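Coordinate-derived values only; no laboratory data. Fair warning: this is a prediction, and the values are worked out from it, not measured in the lab. Cβ placement follows ideal geometry from the backbone for every residue including glycine, while neighbour counts extend to all protein chains displayed.
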Amino acid sequence: MGAGIGLANGFGQLGQFAFNQPVVAVCGDSTFFHAAIPGLINARFNNSNVLMVVLDNGGTAMTGFQPHPGSGTDALGRPAPVVEIEAICKAIGVEVRVRDPFEVDQAIEELYDMLQDGGAKVMVFRRKCFLIESREKAKPRVFVDPEKCIGDECGCARFCSRVFNCPGIIWDQEAKRAKIDEVVCTGCGVCATLCPQGAIIVEEG
């Protein structure tokens with residue numbers, strides 16, 4: 001709820017005591033607007049070595065997807081001015097980058113790159129929540145191609161079902177293959193980009 005950036009501000013000052021671990025604070029887009037901005041200003045003012053990661057999914061997810069200043073609509077669903085997170089960061093004077101988190105390799109590379117720099121900086125991972133998108137368009141169908149999935153022979157230690165650990169991916173004990181739970185799956189398709197065998201298929205609705 002916004003406390004992370006305040007704590008990170010302090011941890012980011014510990015370099016003078018030989019503390020050289022990366023300091024990362026994480027918050028959602030709604031929390032950024034209602035609680036995290038003062039902490040980010042303090043991090044900038046004190047030149048703390050901290051990376052703030054903002055998970056921007058387009059709504060206040062924890063309480064029912066109410067709009068916030070960055071949503072573009074007000075509480076009654078009427079159009080409202082969009083307050084951009086990156087514009088606020090630039091006004092404060094911190095480096096800010098925006099990345100689609102579903103572009104996994106690029107997101108990891110850019111996040112690592114930002115951790116190499118000193119001072120306060122912000123990475124915004126922006127992707128509309130699929131629960132919101134599902135209200136606007138048909139959900140894609142995601143399934144495992146049994147001809148391509150080779151189970152434990154894949155050599156990835158069941159990365160899809162055990163490591164990636166999405167609740168929409170389960171392990172079929174009888175078939176010894178990964179399987180998509182179509183009730184739980186939101187259709188985001190991230191798993192398809194990570195499968196080394198290309199066995200997870202996404203069909204647009």
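Of all DSSP beta bridges confined to the chain, the antiparallel ones make up roughly 35%.
Listed by chain and number, the lysines placed with their C-alpha closer than 19 angstrom to that of Lys128 are Lys137, Lys139; residues fewer than eight positions away on the same chain are left out. Listed from fewest to most Cβ neighbours within 10 Å, the set His68, His34 follows the order His34, His68. Distant-in-sequence amide contacts of Gly28, defined by a placed amide H-H separation under 5 Å and a gap of 5 or more residues or a different chain, comprise Leu55.
Comparing Ile170, Thr193, Ile132 along the charge dipole axis of the chain, the residue lying farthest to the positive side is Ile132, per the Cβ-charge model. Per residue of the chain, the DSSP helices (runs of n ≥ 4 H) give a summed -39500 (n - 2.57) that works out to -6500 deg cm²/dmol at 222 nm.
Kirkwood analysis of the stretch 3-134, using all unique Cα-Cα pairs, places the hydrodynamic radius at 15.3 Å. Rounded to the nearest whole Hz, the Karplus-based 3J(HN,Hα) values (6.51 cos²θ - 1.76 cosθ + 1.60, θ = phi - 60°) of the stretch 119-128 follow the sequence x, 7, 8, 10, 10, 9, 8, 10, 7, 4, with x at glycine and proline. Rounded to the nearest 20 debye, the dipole size of the chain about its Cα centre is 440 debye, using +1 on the Cβ of Lys and Arg and -1 on the Cβ of Asp and Glu. Averaging 1/r across all pairs of distinct Cα atoms in the stretch 50-111 and inverting the result yields a Kirkwood radius of 13.4 Å.
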